[in-house]
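Notes follow once the structure below has been shown.
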Amino acid sequence: MTRKTLMGFVVSNKMNKTVVVQVERKFAHPKFKKVVKSTSKYSAHDEKNECCPGDFISICETRPLSKTKRWRLVEIIKKGEEADKAS
């Protein structure tokens, strides 16, 4: 069985070993056929606390780790601008 993977931007890293990832998807509206943007937020496990807000990351499905966490960090695809300023 293959696990679902999603890509999105880190919105928050205030929790310990947890990041909030905002994933955006585009789809055609069923009636009006206009392209619509929809966003969802997921809590993902970040074992090393290495993500910063603004990072573009990849997450994959995993077993439930807490009440809200069902995703884990796979890789940081691109570091964000806010992360560069802090370093």
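Structural remarks
- For the range 46-62, the tally of residues that are part of a strand (DSSP E or B) and over 19 Å from Lys79 (Cβ atoms) stands at 2.
- Flag: Asp46 does not match the condition of being surrounded by 14 or more Cβ atoms within 10 Å (Cβ to Cβ), among the acidic types (Asp, Glu), out of contact with any Ser or Thr (no Cβ under 9 Å at 6 or more places or on another chain) and at negative phi.
- A single member of Lys34, Lys26, Lys85 is loosely packed, with under 10 Cβ neighbours inside 10 Å and either touching an Asp or Glu at 6+ places or on another chain (Cβ under 8 Å) or at pLDDT below 95 (or both), and it is Lys85.
- Sub-6 Å Cβ pairs linking a first residue in the range 39-63 that is under 17 Å from Arg25 (Cα atoms) to a second residue that is among the small types (Gly, Ala, Ser) and modelled with pLDDT of 95 or more, at least 6 apart or interchain, are Ile59/Ala44, ordered by first then second residue.
- Residues in the range 12-21 include none that are farther than 15 Å from Lys69 by Cα and not aromatic (Phe, Trp, Tyr).
- Residue within the range 29-42 that is outside any strand (DSSP E or B), in contact with a Phe, Trp or Tyr (Cβ under 8 Å, 6 or more places away or on another chain) and not hydrophobic (A, V, I, L, M, F, W, C) present: no
The values are calculated or read from the model by the stated rules, or taken from the named source; none is laboratory data. Every value quoted in this text rests on a predicted model; they were computed, and no experiment measured them. As a convention, Cβ positions derive from the backbone with ideal geometry for all residues, glycine included, and neighbour counts pool all protein chains shown.
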